[in-house]
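A.B. asks: Quick one: the structure is below, questions incoming.
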Amino acid sequence: MSSIKDNIDRINKEIMDTAVSCGRKPDSVQLIAVSKKKSIETVLEGIKSGAGHLGENYIQEAIEKIDAIGKDRACWHFIGHLQSNKAKFAVQYFDYIHTVDTLKLAKEIHRQAKKINKIQNILMQINIGQEDTKSGTGIKEAVELAEQISTFENVSLHGLMCLPPYFSEPEQARIYFKQMVQIKGQIMALQLENVSMECLSMGMSNDFQVAIEEGSTMVRIGTSIFGARE
């Protein structure tokens, strides 16, 4: 059994090699270790092994972990589906929220961030495969939603996130990553207030190398680091 540290070192090397092979700087891609359903002890081992960015999917589970581990021990990313009534906790606990997909949710994040005098970093989730089972704003609606979000001064839109359809052959996901880059370009061209678009959160354990080749700046990897979910 390889250790969590071995896994993180191996994946960081694969990220670096992939970035270099397509002419990108190795540090232009951030590894987010997805720690959902993992124990506090396991997450702490991840942090000690070099995982500086952690991704969580469930608010209640994340609150317990972050309270126990400490907010300052890592950069915390919320990467699960977020309901508006839980936005308050996401704003209190997370550095980045990757899954903003409606104006209603963006407005509530802005409202909660304003209360605590915070500018909340967010990404907009796009349902790039137009799958009924996945969250995310529609491809056609993305630019308009970015324009609406840009009016909220307590929210900073840093980029886009997607979960493409799963393929056993990662190459098949490439078309979706290319589409994400196109949407990013359309939004960037508008030069909106509070919108920077430097982040593309795309690529997971099975397809992160293809995602990096297409411009991903954040890869979300869980199983290949922490093993199968407990």
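Bear in mind that the values in this text are calculations on the coordinates, not laboratory data. Every value quoted in this text rests on a predicted model; they were computed, and no experiment measured them. When we count neighbours, we look across all protein chains shown, and the Cβ atoms used for this are built from the backbone with ideal geometry, even at glycine.
A.B. asks: If you take the residues of the stretch 2-55 that are on the phi > 0 side of the Ramachandran plot and in contact (Cβ under 8 Å) with a residue 40 or more places away in the chain, which of them is surrounded by the fewest Cβ atoms within 10 Å (Cβ to Cβ)?
C.D. replies: Going through the qualifying residues, I end up with GLY50.
A.B. asks: Go through the stretch 125-134 and report how many residues are surrounded by 14 or more Cβ atoms within 10 Å (Cβ to Cβ) and assigned to a loop (DSSP other than H, G, I, E, B).
C.D. replies: Summing the residues that are surrounded by 14 or more Cβ atoms within 10 Å (Cβ to Cβ) and assigned to a loop (DSSP other than H, G, I, E, B) in the stretch 125-134 gives 4.
A.B. asks: Another question about this same structure. Given the options GLU41, GLU61, GLU56, GLU45, name the one that is over 19 Å from GLN120 (Cα atoms), among the charged types (D, E, K, R) and touching a helix residue (DSSP H, G or I) at 6+ places or on another chain (Cβ under 8 Å).
C.D. replies: GLU45
A.B. asks: Could you tell me whether LEU160 is under 18 Å from the mean Cα position of the chain (by Cα) and either surrounded by 17 or more Cβ atoms within 10 Å (Cβ to Cβ) or within 27 Å of LYS118 (Cα to Cα) (or both)?
C.D. replies: Spelling it out, LEU160 is indeed under 18 Å from the mean Cα position of the chain (by Cα) and either surrounded by 17 or more Cβ atoms within 10 Å (Cβ to Cβ) or within 27 Å of LYS118 (Cα to Cα) (or both).
A.B. asks: Give LYS118, LYS114 a once-over and let me know the one that is among the charged types (D, E, K, R) and either buried (at least 16 other Cβ atoms within 10 Å of the Cβ) or in contact (Cβ under 8 Å) with a residue 60 or more places away in the chain (or both).
C.D. replies: LYS114
A.B. asks: Whether any residue in the stretch 135-145 is among the polar types (S, T, N, Q), without any contact (Cβ under 8 Å) to a residue 40 or more places away in the chain, surrounded by 15 or more Cβ atoms within 10 Å (Cβ to Cβ) and closer than 25 Å to LYS37 by Cβ is what I want to check.
C.D. replies: No: zero hits.
A.B. asks: Here's a follow-up. For the stretch 169-230, list the helices (runs of 4 or more DSSP H) that sit wholly inside it and hold at least 2 residues that are under 27 Å from LEU145 (Cα atoms), free of Cβ contacts under 8 Å to residues at least 40 places away in the same chain and small (Gly, Ala, Ser); which are they?
C.D. replies: Values: elements: 174-189, 208-213, 223-226.
By residue number, 174-189.
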